[in-house]
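Worksheet: the structure to be examined is printed underneath.
The values are calculated or read from the model by the stated rules, or taken from the named source; none is laboratory data. Given the structure is predicted, the values throughout are model-derived calculations rather than measurements. As a convention, Cβ positions derive from the backbone with ideal geometry for all residues, glycine included, and neighbour counts pool all protein chains shown.
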Amino acid sequence: MAAPTEAAGRTGMWGTARGHGLQGLSNARATVPAMTLRDSFGFWLKVALPTWNKGILIRRRSMVRVSAGLDLDNAAVARMQALREAYGDGPVLIRNPIRPQALLLASSDVQRVLNQTPDPFSPASSEKRAALAHFEPHVSLISAGPERAERRAFNDQVLDSARPMHRLADGFRACAEQEVEALLHDIGPAPELTWANFIEAWSRMARRIILGDGARDDRALTDLLARLRGRANWAFMVPKRRGALEALQARLSTHLARGEPGSLAGLIATMRPGAAAAIADQVTHWLFAMEPAGITAMRALTLLAAHPAEAEKAQAEVSVIDNPGSDLPYLRACILETLRLYPTTPVILRQTTQETAWSNGTLPSGSGILIFVPYFQREEQRYPDAHRFRPITWLGLDPAHATPFIPFSGGPGICPAHNLVPLLAASFLAAIVRRYRVAVHQPVDLVSSGRLPGTLDHFRVRLGLG
Ligand code: HEM
């Protein structure tokens with residue numbers, strides 16, 4: 001790898017000032033430095049490609065398996081650490097023929113970008129727009145200006161973004177209990193939890209919470225959305241399926257029209273959002289994002305099963321909770337710690353809406369900004385137990401003050417379900433650990449080396465309930 005001085009080239013093709021047509025900026029400070037071609041290639045090969053291969057909008061089972069088998073996620077973090085050593089705090093441009101693309105290496109820059117969303121750092125980046133337009137073309141995440149403001153406010157309002165306990169939390173807890181009970185009934189007397197039976201129950205819960213009991217068994221809705229997400233993984237490389245999108249939205253409208261009390265659809269029915277809120281697209285996003293929440297719940301249960309001392313604490317917590325309104329701080333902490341180790345949104349993208357100044361130069365309007373989350377969350381200097389499961393870290397600690405802890409991003413663009421996800425996942429897990437002790441059947445060697453693997457392949461997890 002080249003030394004920073006050699007790497008800091010500012011002319012030439014592929015990601016430099018001249019390559020991106022910046023030579024016309026009179027009196028402008030130089031653009032931020034670019035990586036060497038070799039480092040850029042290494043980044044695309046070892047960080048970007050494996051992440052993209054696993055599937056951004058819906059995970060590809062075979063690629064997750066490959067990633068786990070070859071330890072590609074750890075290799076990606078190691079590559080990022082090497083880049084930090086070579087280029088210091090950055091940011092640094094990754095050479096490419098399309099547009100200036102900056103990689104952030106310092107947590108202070110991450111904080112700045114997230115805090116200054118959506119302007120000058122818009123979440124509606126070109127690649128995100130190309131992908132999400134397959135199934136939710138008007139979602140807040142890829143909107144701008146007043147439309148974004150209205151859609152974001154709608155999300156915050158219905159999801160009770162700022163409140164640890166959603167106003168419908170009691171009903172959601174009851175729903176989690178019922179769906180876990182149904183799951184345990186279905187899997188019989190020698191129960192084994194697999195991703196297949198876990199996600200079925202989780203999705204039933206998700207549909208009931210979002211759309212009401214009338215959507216409980218509408219598996220076709222989830223399947224239709226999964227097909228569109230599969231195409232969205234290819235972003236602009238495949239054409240959109242208008243017919244499938246219309247079918248999804250028609251199905252969704254029928255459920256929303258019921259406005260069932262006790263569900264998020266029921267809350268929407270009491271509001272008067274304007275047409276610009278594009279309700280169907282926001283609700284589609286909630287249904288989609290419930291799957292990563294389920295993946296996280298499954299992983300958290302697996303980690304608990306592999307850590308008997310932590311599992312004891314979780315059991316102690318659920319055994320003393322008799323009031324459904326009380327919180328589950330330890331189980332919530334388990335969910336946050338799982339998201340630190342295994343963030344389900346590994347890449348946060350932004351696009352600049354104007355020229356921005358940095359400690360080492362400027363970035364023109366329209367530049368891409370890339371934050372690779374696992375690198376920041378497994379940083380050994382910040383987290384002494386970076387590769388271990390330590391839920392206790394999060395007890396009494398506001399995650400917003402633990403930067404760079406960014407599984408939900410942060411600032412004004414933070415996931416509006418950053419409170420709801422831990423609530424639902426903790427409730428679902430409480431219903432399981434209250435009834436059973438959980439043992440890991442697969443993967444057998446999760447903690448054997450004392451260092452958790454970079455990938456936890458949820459598709460292959462098997463948990464025994466005893
Ligand atoms: C493990 C579960 C989840 C994780 C890790 C997660 C993470 C994130 C992240 C990182 C973003 C920001 C993306 C960006 O800036 O490009 C985001 C946005 C968003 N999430 Fe989540 N999310 C999860 C589940 C959910 C759920 C269950 C819902 C809804 C019920 C939801 C609703 C949203 C919405 C509406 C946005 C867009 C916010 C905006 O436009 O500013 N998320 N989420």
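Worth a mention:
- Under the condition of being of a type in the set (A, V, I, L, M), out of contact with any Leu (no Cβ under 8 Å at 6 or more places or on another chain) and part of a helix (DSSP H, G or I), the residues counted in segment 234-249 number 2.
- Restricting ARG332, ARG388, ARG382 to residues that are farther than 30 Å from ASN96 by Cβ and away from the ligand (no atom under 16 Å from the Cβ) narrows the list to ARG388.
- Residues in segment 375-386 that are surrounded by fewer than 17 Cβ atoms within 10 Å (Cβ to Cβ) and touching a residue at least 12 places away in the same chain (Cβ under 8 Å): GLU379, ARG382.
- Checklist (1) surrounded by fewer than 17 Cβ atoms within 10 Å (Cβ to Cβ); (2) of a type in the set (Ser, Thr, Tyr); (3) in a loop (DSSP other than H, G, I, E, B) applied to SER108, failing item: (3)
- The lone criterion from (1) away from the ligand (no atom under 13 Å from the Cβ); (2) within 28 Å of GLN178 (Cα to Cα) left unmet by PRO416 is number (1).
- Residues in segment 240-266 that are in contact (Cβ under 8 Å) with a residue 40 or more places away in the chain and among the charged types (D, E, K, R): LYS240, ARG241, ARG258, GLU260.
- Identity of the residue in segment 76-130, hydroxyl-bearing (Ser, Thr, Tyr) and touching a strand residue (DSSP E or B) at 6+ places or on another chain (Cβ under 9 Å), that ends up farthest from LEU370 (Cα to Cα): TYR87
- Every condition in (1) among the basic types (Lys, Arg); (2) more than 30 Å from ALA250 (Cα to Cα); (3) part of a loop (DSSP other than H, G, I, E, B) holds for ARG59 except the one numbered (2).
- Within segment 110-130, residues that are of a type in the set (Val, Ile, Thr) reach partners that are more than 13 Å from the ligand (Cβ to nearest atom) with beta carbons closer than 6 Å, at six or more positions or on different chains, in the pairs VAL110/LEU104.
- Residue within segment 285-302 that is hydrophobic (A, V, I, L, M, F, W, C) and away from the ligand (no atom under 13 Å from the Cβ) present: yes
- If the condition is being in a helix (DSSP H, G or I) and either within 16 Å of the ligand (Cβ to nearest atom) or of a type in the set (Lys, Arg) (or both), then segment 421-457 contributes VAL421, PRO422, LEU423, LEU424, ALA425, ALA426, SER427, PHE428, LEU429.
- Cβ-Cβ distances below 8 Å connect the following pairs, each with a first residue in segment 332-354 that is under 17 Å from LYS313 (Cβ atoms) and touching a residue at least 12 places away in the same chain (Cβ under 8 Å), a second residue that is part of a helix (DSSP H, G or I) and among the acidic types (Asp, Glu), and a separation of six or more residues or different chains: CYS334/GLU310.
- Some residue of segment 404-413 being surrounded by fewer than 17 Cβ atoms within 10 Å (Cβ to Cβ) and away from the ligand (no atom under 15 Å from the Cβ): no
- Counting only helices (runs of 4 or more DSSP H) that sit completely within segment 136-233, those holding 2 or more residues that are among the acidic types (Asp, Glu), more than 14 Å from the ligand (Cβ to nearest atom) and at negative phi correspond to 169-187.
- Any hit, segment 128-143, residues being surrounded by fewer than 21 Cβ atoms within 10 Å (Cβ to Cβ) and over 21 Å from LEU57 (Cβ atoms): no
- Residue in segment 4-20 that is assigned to a helix (DSSP H, G or I), modelled with pLDDT of 95 or more and charged (D, E, K, R) present: no
- GLY259 vs. criteria out of contact with any helix residue (DSSP H, G or I) (no Cβ under 7 Å at 6 or more places or on another chain) and either surrounded by fewer than 16 Cβ atoms within 10 Å (Cβ to Cβ) or farther than 18 Å from VAL139 by Cβ (or both): no
- Contact map, segment 404-420: residues that are within 13 Å of ILE335 (Cβ to Cβ) and in a helix (DSSP H, G or I) paired with residues that are more than 7 Å from the ligand (Cβ to nearest atom) and not charged (D, E, K, R), Cβ distance under 6 Å, separation 6+ or inter-chain. Pairs shown: LEU420/HIS166.
- Close contacts from segment 136-152, counting a first residue that is of a type in the set (Ser, Thr, Tyr) and a second that is within 11 Å of the ligand (Cβ to nearest atom), with Cβ to Cβ under 6 Å and a gap of 6+ residues or different chains, come to SER140/ARG148; SER140/ARG151; SER140/ARG152; SER140/ASN155; SER143/ARG151.
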